[in-house]
Amino acid sequence: MPNQNLTLYTYWRSSASYRVRMALNLKGLDYESRAVHLVRDGGEQFAAEYAGLNPQQLVPTLVHGELTLTQSLAIIDYLEEAFPGQPLLPADAVGRARVRAIAQAIACEIAPLNNLRVLKYLTGPAGLDEDGKLAWYRHWTENGLAAVERMLDHPATGHFCHGDEPTLADCCLLPQVYNARRFECDLTGFDRINAICNELERLAPVRDAAPENQPDAA
C-alpha cells in the first residue's frame, strides 16, 4: 500500500470536500486537514499559493506526496485505486456503473447549481433577492433529489444506495442532503433518501466527516 502521506485542502461546509472526507474516513485513511475558508478575506481559495495547487480555485484539493489532485470524484477514484482496502465501488461492472450514475447525478447535476459562486452570482449580477435565490436553490435541489429517489427505487438498493455497505454514491448523497436541510428544502416523500442518510449518520467515520465536526467549523 502506498504511503498515506495525504493532505486534504477542505472547507467545512463544502459538499465536495465533505464527500472526500467521507471517502477517506470510510476507507480508514489518515490525512492532514488544511482549511481553505471560502468566505473570509474575500475567499482564501483565490490566494496565489492555493491557486497554484488548484487552478480552478475550488475545494477540495488532495496532495499525496508529490501528487496534487483536484475534483472530488477524481480524488475518490484515485483513493479507490491507490488504497483498494475498504472499497467504495462494487466488485461487478454493473454495480460500479450504477453507483457512478447515482454519484454523478448528484455531483454533476445537482451540486454545481448549489455552488457558492453560483449563489453569489444570483444575488449579484443576476439581480435576485434572497427569497428569489432560495426559491431557485430549492427548485433545482428538490428536482434533482426527486430523480435520485427514483434511481433508488431499484432492487440493488439496500441500507445504502447500493447494497448494505456505503459506496461512492453515499459519499455524494449525504452532503447534498445536508445542504438541502440547511436551505430548508422540502424532503417530504424522499423515503429512500432519508432512510439511507439516517443509516449513514449512525456510522462513526461518517459522523467524523460531518461539517460541524471539522476544525474550521464556524
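General observations
- 222 nm mean residue ellipticity, helices alone, for the chain (DSSP H n ≥ 4; -39,500 (n - 2.57); rounded to 500): -14000 deg cm²/dmol
- Per residue Cα convex hull volume in Å³ - calculated over the stretch 153-218: 84 Å³
- The relative contact order of the chain, computed from alpha carbon pairs under 8 Å that lie at least 6 residues apart in sequence, is 25 percent.
- Order of LEU174, LEU38 - criterion: other Cβ atoms within 10 Å of each residue's Cβ, fewest first: LEU38, LEU174
- Structure-derived Rg and Dmax of the Cα atoms in Å: which label, when the choices are (i) 17.1, 57; (ii) 18.1, 62; (iii) 17.0, 52: (iii)
- Gain upon complete extension [THR188, ASP216; 0.36 nm per residue less C-alpha separation]: 6.9 nm
- LEU128-ALA48 FRET efficiency (beta carbon distance; Förster radius 25 Å; 0.05 resolution): 0.20
- Dipole orientation for the stretch 63-218: of the candidates GLY85, GLY132, LEU152, GLY132 has the Cα lying most toward the positive pole (charges on Cβ; Lys, Arg +1; Asp, Glu -1).
- Normalising the Debye intensity of the stretch 93-203 to I(0), with uniform scatterers on Cα atoms only, and taking log10 at q = 0.15, 0.18, 0.23 Å⁻¹ returns -0.62, -0.84, -1.24.
- Neighbour-count ranking [beta-carbon atoms within 10 angstrom, fewest first] of CYS108, CYS161: CYS108, CYS161
- Potential lengthening between GLN104 and ARG181 on full extension [0.36 nm per residue; Cα-Cα distance subtracted]: 25.7 nm
- Relative exposure of LEU200, LEU119, LEU168, judged by other C-beta atoms within 10 Å (fewest first): LEU119, LEU200, LEU168
- Bridge type composition, the chain - antiparallel percent by DSSP, nearest 5: 60 percent
- Net +/- balance of residues flanking SER33 in space, Cβ distance below 13 Å, scoring K and R +1, D and E -1: -2
Only the coordinates and a few stated rules stand behind these numbers; no lab work does. Remember, predicted model here, so these are calculated numbers, not experimental data. Every residue, glycine as well, gets a Cβ built from its backbone with ideal geometry; the counts of neighbours run over all protein chains shown.
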